[in-house]
1. What is the Cα centroid distance between segment 1-17 and segment 25-81, reported in whole angstrom?
2. Provide the packing ranking of 30-36, 107-113, i.e. peptides ordered by the mean count of other C-beta atoms within 10 Å per residue, highest first.
3. For segment 1-98, what does the convex hull of the Cα positions come to per residue, in cubic angstrom?
4. Note down the nm distance, to one decimal, between modelled labels 7 Å out along Cα→Cβ at Ala41 and at Ala155.
5. Express in nm, to one decimal, how much length is gained between Glu105 and Asp67 on full extension, taking 0.36 nm for each residue of separation and deducting their alpha carbon distance.
6. Ignoring everything except DSSP H segments at least 4 long, calculate the 222 nm mean residue ellipticity for the chain; use -39,500 (n - 2.57) per segment, divide by total residues, nearest 500.
7. For the pair Asp9 and Arg87, how long in nm is the line joining their label points, each one 7 Å along Cα→Cβ?
8. In whole Å, what are the extents of segment 115-165 along the principal axes defined by its C-alpha atoms, from largest to smallest?
Amino acid sequence: MQNLQQVVDFLERNELVLATAESCTAGLIASLVAEVPGSGAVMECGYVVYAVRAKREMLGVSLDTIDSHGLTSEQVAREMALGALQRCGADVTLADTGLAEAEGEMDGVICFACAMLIDGQPRVLSETRKFAGQRNEVRSKAARHALLSLERYVAQLRQTPARQS
């Protein structure tokens, strides 16, 4: 996908409703969707969860996960995406957590996750990307990356086999 209209069109064609769980981007993903006319038909809700307490209480992110992997981790992003999926009526969720402004190698590191129910079972995938630029430039790039990756994420989730117990 190349633009936001294509993201909304993809969601409509596939009869998918989106929810977001955003830390680093602080609602920019949901805001970008809302810029497209008619996007109300494909957007359920958006969680903005900067604080650890908000991640825990609103999305069910485990303190053990945060302590073991850190706030900027795919594991936290995955729990955010799954938590949003469990708590609202969306078909697919996008989540992010990261550092748009930090000292050293973690500067611009953003972890993304996408979750959806497939055959009644939650599936989730994640990735980590690094973006260059000033704080708000990184946040903007991260939000666009999440949305423009949505079709790829959904395709990968649909191909992921169910976990064997």
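1. Their Cα centres are 20 Å away from one another.
2. Details: 30-36: 17.9, 107-113: 23.9.
Per-residue Cβ counts within 10 Å, averaged per peptide and sorted highest first, yield 107-113, 30-36.
3. Numbers: hull volume 8.3 nm³, N = 98.
Normalising the Cα hull of segment 1-98 by residue number yields 85 Å³.
4. The answer from the label model is 2.4 nm.
5. Working: separation 38, 0.36 × 38 = 13.68 nm, distance 2.00 nm.
Separation in residues times 0.36 nm, less the Cα-Cα distance, equals 11.7 nm.
6. Details: 7 runs with 70 residues, N = 165.
Taking each H run of at least 4 residues, the total per residue is -12500 deg cm²/dmol.
7. That separation, rounded to one decimal, is 3.4 nm.
8. 44, 19, 14
Throughout, read-outs are computed from the coordinates displayed, never taken from laboratory work. Keep in mind that what you see is a predicted model, and the values were worked out from it rather than measured. Reconstructed Cβ throughout: ideal geometry from the backbone, glycine too, with neighbour counts over all protein chains shown.
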